[in-house]
Amino acid sequence: MGVVELLFTPYTLLAIPILFYLLPYLRNWSIRDVPSPFPAAFTNLWLMYQCRRGRRYLVVDQAHKTYGKLVRIQPHHVSIADPAAIPIVYGHGTGFLKSEYYDAFVSIQRGLFNTRDRAEHTRKRKTVSHTFSSKSIGQFEQYMHHNLELLVEQWNKMSKLADGQYAKMDALNWFNYTAFDIIGIQLHLCLS
């Protein structure tokens, strides 16, 4: 039996899905020892199923209670529940890349917060780093506080209109509006 004949056998149809789920697990040997719920180490479908049920936060929390501070929730995704790990994972120059989770925050184009490319992030960070100095933020806090109060006020109005039900809204749009207002005030102050 030649290679071509072997490719067109029923065994191939069985092997393809197995390899599809097994290869990412084998390729990611560096996190293979991180504990996980059974299907999570092999497939993204487990987490997708939990998300579709609206229970992601519950099952990830339960997994941390069961397995500890490090839990593998997808073949390429480790959830960390340790405050001491924040500067290690999210600190500048640590070598860790942001996950696909940050793609959800891209509205028109990637910004500093949701950029996953290291070189692009470094370039964007240099252009705005002076803006986020302690002195600049301290001077600007009163304006941010005012806009955040307006945001909460609008959300409270929406909540009251929902008559005890859940108010449906796209929070990303509201955060973009608030950021736009805050940046507008900053530009106004800089130009005047």
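The table that follows gives values for the structure above.
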{"item": "Among the residues listed as 79, 36, the single one being assigned to a loop (DSSP other than H, G, I, E, B) and either at pLDDT 90 or above or out of contact with any helix residue (DSSP H, G or I) (no Cβ under 7 Å at 6 or more places or on another chain) (or both)", "result": "36"}
{"item": "Single match in 135, 160, 168 (criterion: outside any helix (DSSP H, G or I), at negative phi, exposed (fewer than 11 other Cβ atoms within 10 Å of the Cβ) and basic (Lys, Arg))", "result": "168"}
{"item": "Residues that are of a type outside the set (A, V, I, L, M) and either under 30 Å from residue 68 (Cβ atoms) or modelled with pLDDT under 70 (or both), drawn from the range 1-33", "result": "2, 20, 21, 24, 25, 27, 28, 29, 30, 32, 33"}
{"item": "Residues being within 25 Å of the chain's Cα centre (by Cα) and either loosely packed, with under 10 Cβ neighbours inside 10 Å or more than 30 Å from residue 130 (Cα to Cα) (or both) - total across the range 171-192", "result": "1"}
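The values are calculated or read from the model by the stated rules, or taken from the named source; none is laboratory data. From a predicted model like this one, the values you see are computed outputs, not experimental measurements. Every residue, glycine as well, gets a Cβ built from its backbone with ideal geometry; the counts of neighbours run over all protein chains shown.
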